[in-house]
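Everything below concerns the one structure shown next.
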Amino acid sequence: MAITEDAPPAASEECPVQEKADRRLSSPLLLTLLLVLAVLAQSPIRGLLGTPLMQSWTTVFVAVTVQALPFLVLGVLLSAALAVFVPPSFFARALPSRPALAVPVAGIAGAVLPGCECASVPVAGALVRRGVTPAAALAFLLSAPAINPIVLTATAVAFPRDPEMVLARFLASLLVACAMGWLWQRLGRTDWLRPPAHGAHEGATKGETFWNAVRHDTVHAGGFLVLGAMAAATLKAAVPAGWLRAAAGDPAVSVLALAVLAVLLSICSEADAFVAASLTQFSPTARLVFLVVGPMIDLKLFAMQAGTFGRGFALRFAPATFALAVAGAVLTGAVLL
């Protein structure tokens with residue numbers, strides 16, 4: 001009896017293993033089926049790609065991606081080097097002790113220290129851990145991905161006939177970063193900001209941490225670049241011109257549309273200028289809004305900020321940043337563009 005009673009559990013224990021094996025086999029099988037379908041349907045696919053609409057889409061997609069990729073890779077390398085080889089204690093020593101003065105100094109520091117938004121969040125978290133006032137750390141978090149040399153150079157290349165766009169992006173982004181720092185200093189509460197945990201790679205060597213950061217940021221930012229290029233190509237080739245003209249013709253609608261688009265696309269700041277430059281239907285001020293909002297608040301940044309400083313912080317910080325970024329870009333655009 002004991003043997004027959006013990007047998008069913010043994011058989012039932014094998015079922016989950018078999019199910020897991022079946023699940024593991026499903027992905028290669030699905031990929032094989034998709035490849036077979038692609039081969040069988042190659043004639044219709046070739047005909048679709050040969051249409052004027054798809055040719056226009058492909059041209060815009062390749063142009064945006066190829067132009068932006070070198071700046072993205074360079075930005076990833078420099079931001080990884082900054083995060084790994086420059087000790088956070090350096091910033092604590094370099095910043096003034098008075099928070100009101102530390103905020104603009106930290107904001108300006110973002111102009112000389114290259115780093116994309118993927119790197120600015122962990123660097124800002126490390127600054128807070130090492131005693132830097134949160135207001136200054138947050139100003140650096142917003143300014144570093146928006147006004148560093150790589151981003152400004154990419155903007156100049158993307159807008160060769162509009163050099164004032166580079167100056168407008170620099171001033172608007174720095175203004176918003178400092179304003180958010182001072183706003184947090186005045187209204188922020190200690191219990192809103194969760195002390196950030198130690199970095200995930202603090203036990204590894206600097207070389208391992210550097211290459212891990214490069215691989216992660218290249219795949220992460222590259223994926224968002226591809227999505228952004230696809231969206232820009234779709235807007236350019238597939239969306240009816242009348243719709244774009246209607247949206248671009250209303251100043252308020254155009255500003256709001258590109259601000260929301262910047263949040264949804266979540267493009268790396270080293271590449272967003274090329275997407276903005278392709279949106280020729282929109283006014284320079286609306287495209288400036290796209291350039292200022294994107295590096296400061298988007299979907300991936302909200303997730304990173306919530307993970308580093310807490311969800312309560314992100315729920316308060318993100319809407320305020322979005323509103324100030326839109327207002328600062330519109331004000332700067334009205335004066336300079």
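Candidates ALA276, ALA248, ALA303: the one that is part of a helix (DSSP H, G or I), within 18 Å of the chain's Cα centre (by Cα) and surrounded by 17 or more Cβ atoms within 10 Å (Cβ to Cβ) is ALA276. Taking the criterion of being crowded, with 18+ Cβ neighbours inside 10 Å and either modelled with pLDDT under 85 or in contact with a strand residue (DSSP E or B) (Cβ under 9 Å, 6 or more places away or on another chain) (or both), would at least one residue in the stretch 201-208 satisfy it? No, because not a single residue in the stretch 201-208 is crowded, with 18+ Cβ neighbours inside 10 Å and either modelled with pLDDT under 85 or in contact with a strand residue (DSSP E or B) (Cβ under 9 Å, 6 or more places away or on another chain) (or both).
Residue selection: ALA232 satisfies the criterion of being touching a residue at least 24 places away in the same chain (Cβ under 8 Å) and either part of a helix (DSSP H, G or I) or closer than 26 Å to ALA334 by Cα (or both). Does VAL239 satisfy the criteria of being surrounded by fewer than 16 Cβ atoms within 10 Å (Cβ to Cβ), free of Cβ contacts under 8 Å to residues at least 60 places away in the same chain, under 16 Å from ALA325 (Cα atoms) and out of contact with any helix residue (DSSP H, G or I) (no Cβ under 8 Å at 6 or more places or on another chain)? When the stated conditions are applied, VAL239 does not pass them. With respect to the conditions (1) of a type outside the set (Ser, Thr, Tyr); (2) modelled with pLDDT of 90 or more; (3) under 19 Å from SER143 (Cα atoms), ALA277 falls short on a single one, namely (3).
The values are calculated or read from the model by the stated rules, or taken from the named source; none is laboratory data. This one's a predicted model, so the numbers in the text were calculated from it and none came from an experiment. Glycine also receives a Cβ, built like all others from the backbone with ideal geometry; neighbour counts cover every protein chain displayed.
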